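The values are calculated or read from the model by the stated rules, or taken from the named source; none is laboratory data. Just so we're clear, the structure is a prediction, and the values are computed from it rather than from any experiment. Using ideal geometry, Cβ is built from the backbone for each residue, glycine included, and neighbour counts are taken over all protein chains shown.
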Amino acid sequence: MIMNKSFLWGGAVAANQYEGGYQEGHKGLSVTDVMSAGDVDHPREISYEILDDKYYPNHYGIDFYHHYKEDIKLFAEMGFKCFRLSISWPRIYPQGDELEPNEEGLEYYDHVFDECLKYGIEPIVTLSHFEMPLYLAKKYGGWRNRQLITFFERYAITCFKRYSKKVKYWMTFNEINNLIDTDNPFNAWTGAGVLYEDNENIEQTMYQISHYQFVASARAVQRAKEINASMQVGCMLHFGPIYPSSCNPQDILAGIKAMDKRYFFSDVHVRGYYPTYTLKKWERSNIQLDITDEDLKDLKRGTVDYIGFSYYKSTIAEYDKIHDFIEVQNPLLKKSDWGWAIDPTGLRIILNEVYERYQKPMFIVENGFGAYDKLENGIINDDYRIDYLRNHISEMKKAIELDGVEVMGYTPWSAIDIVSASTGELAKRYGFIYVDLDDQAKGSGRRYRKASFEWYKRVISSNGEIL
Ligand code: BG6
């Protein structure tokens, strides 16, 4: 079977990681604007405000803000059918709680979308990708606060109305299920503008934040349909299979329990109600949440049209007496320089599992290989990236052609080099286009086509036949 002709091949980015222009056009600060740079051994810091002695890589990104015409032209040259990007919420509502949007921010995205459409590139837009207004975090405590639902809904309505003729595909919260991992403080900060306090019931707060975001997402879905019934709104999850560490039934159960923590989010987004395993968990842990009857109705009315997800790696769960399970390394898989296990078959597995669970169209909106690229005489030979993508696309094709999974498109991470979300480095490169900047954004800023650029161009023009 041949891949569907309307398959959406493209690439993905997020505003905070590539736009730069952090104060241009009356943009407000976002939560990532106060995250310093780190690297593979040193975590980034959340400084809460901008300090003179720190460097903030997201302020400059790769300066797409001023290079968008040149960059989109390169995407068009690769043959992109679509381009996944996010709108920076504080460009549209600089504080987040205003009643009126910032016209300059809206105009900027008009230009970006028009430029894409000029080449027949369909914009795929995430409303919130790790870049909510910092002011909402400081004044309201971020998504701990129910008022955030109203602010987000207003922001979503503004975007839907303004771009209803330019953007068909939307997603609400990027990798919403990262919230479950409360050991990493970045997840609550970038995803929800929340810094947990030592003396609070973190698990309860995490479920409360998630609930408010589910309601906000469900309301956004409803508003989108009212504004333009043909708009499609998806969720966005961080997926990847979690294999049991052995065939010991306790490990098998550990694998299921570990996956439940990821599925909890898609279950609510897709089915519109809380799964019983979560209700039982709340009962057992005496978790008390602010959930109204109206909220529950909203969840039912605002289920998503498709499932957007990122896939980078698989993991392993091993039975553990105290925690139900712990995650361990897979000895059979090779890893990237940042320790991410490379597992193309995992993509086919997760496509099968999720499709069987929901029977909803799936969209692979992130998948890619972070690596140290070398620019030598104007050439970047990133064969390792080609290998990674080739093997993953091949598994995706098997899922479509042999298993019957409905996949709408594939937008590898990332279309062009960007600042890494976890480390703040530019050196952890993902793009098809090399940007001549170092971790401190020093360099010419010139764009170079990597070897993967030409390779991916052929993949797209052959609709995935030539890998
Ligand atoms: C996903 C995020 O988690 O992974 C992206 O949606 C991120 O924003 C990507 O960049 C890769 O992670 P990292 O930390 O290598 O940039």
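Structural remarks
- Of the residues making up segment 406-452, just one is farther than 30 Å from residue 352 by Cβ, basic (Lys, Arg) and within 11 Å of the ligand (Cβ to nearest atom), namely 429.
- For segment 381-413, taking the residues that are of a type in the set (Val, Ile, Thr) and farther than 26 Å from residue 334 by Cα, the one that is farthest from the chain's Cα centre (by Cα) is identified as 405.
- When restricted to residues that are surrounded by 15 or more Cβ atoms within 10 Å (Cβ to Cβ), within 16 Å of the ligand (Cβ to nearest atom) and in a loop (DSSP other than H, G, I, E, B), segment 355-396 contains 6.
- Residue list for segment 346-401, restricted to those being among the acidic types (Asp, Glu) and touching a Ser or Thr at 6+ places or on another chain (Cβ under 9 Å): 366, 382, 383, 395
- When segment 113-123 is filtered for residues that are touching a Lys or Arg at 6+ places or on another chain (Cβ under 9 Å) and either in a strand (DSSP E or B) or not acidic (Asp, Glu) (or both), the ones remaining, listed by number, are 113, 116, 117, 119, 120, 121, 122, 123.
- Any hit, segment 324-334, residues being in contact with a Lys or Arg (Cβ under 7 Å, 6 or more places away or on another chain) and in contact (Cβ under 8 Å) with a residue 40 or more places away in the chain: yes
- Pair list, Cβ under 7 Å, 6 or more apart: segment 40-65 residue over 26 Å from residue 183 (Cα atoms), other residue among the polar types (S, T, N, Q) and crowded, with 16+ Cβ neighbours inside 10 Å: 61/17
- Checked against (1) within 16 Å of the ligand (Cβ to nearest atom); (2) under 18 Å from residue 128 (Cα atoms); (3) surrounded by fewer than 17 Cβ atoms within 10 Å (Cβ to Cβ), residue 164 meets all criteria but (1).
- Checklist (1) within 24 Å of residue 445 (Cα to Cα); (2) assigned to a loop (DSSP other than H, G, I, E, B); (3) among the charged types (D, E, K, R); (4) over 20 Å from the mean Cα position of the chain (by Cα) applied to residue 71, failing item: (2)
- Any hit, segment 295-302, residues being in contact with a strand residue (DSSP E or B) (Cβ under 9 Å, 6 or more places away or on another chain) and at negative phi: yes
- Meets criteria (touching a helix residue (DSSP H, G or I) at 6+ places or on another chain (Cβ under 9 Å) and within 15 Å of the ligand (Cβ to nearest atom)) for residue 325: no
- Failed criterion for residue 306 (all others in (1) surrounded by fewer than 18 Cβ atoms within 10 Å (Cβ to Cβ); (2) of a type outside the set (Asp, Glu); (3) at pLDDT 95 or above hold): (1)
- Sole exception among (1) assigned to a loop (DSSP other than H, G, I, E, B); (2) buried (at least 22 other Cβ atoms within 10 Å of the Cβ) for residue 409, by number: (1)
- In the set (1) in a loop (DSSP other than H, G, I, E, B); (2) within 30 Å of residue 165 (Cβ to Cβ), residue 198 fails one condition alone, (2).
- Residues that are surrounded by fewer than 21 Cβ atoms within 10 Å (Cβ to Cβ), not aromatic (Phe, Trp, Tyr) and not in a helix (DSSP H, G or I) within segment 245-281 comprise 246, 247, 248, 272, 275, listed in sequence order.
- Output for segment 443-467, where each listed residue is of a type in the set (Lys, Arg), without any contact (Cβ under 8 Å) to a residue 40 or more places away in the chain and assigned to a loop (DSSP other than H, G, I, E, B): 446
- Filter result (of a type outside the set (D, E, K, R) and over 28 Å from residue 365 (Cβ atoms)) within segment 297-327: 319, 322, 323, 326
- The residue list 333, 299 contains one member that is in a loop (DSSP other than H, G, I, E, B), more than 16 Å from the ligand (Cβ to nearest atom) and surrounded by 15 or more Cβ atoms within 10 Å (Cβ to Cβ), which is 333.
- Boolean, residue 291 is in contact with an Asp or Glu (Cβ under 7 Å, 6 or more places away or on another chain), outside any helix (DSSP H, G or I) and over 30 Å from residue 83 (Cβ atoms): no
- Members of segment 122-135 that are more than 16 Å from the ligand (Cβ to nearest atom) and either free of Cβ contacts under 8 Å to residues at least 24 places away in the same chain or touching a helix residue (DSSP H, G or I) at 6+ places or on another chain (Cβ under 6 Å) (or both): 123, 133, 134
- Residue list for segment 303-314, restricted to those being touching a strand residue (DSSP E or B) at 6+ places or on another chain (Cβ under 7 Å), assigned to a loop (DSSP other than H, G, I, E, B) and under 27 Å from residue 150 (Cα atoms): 304, 305
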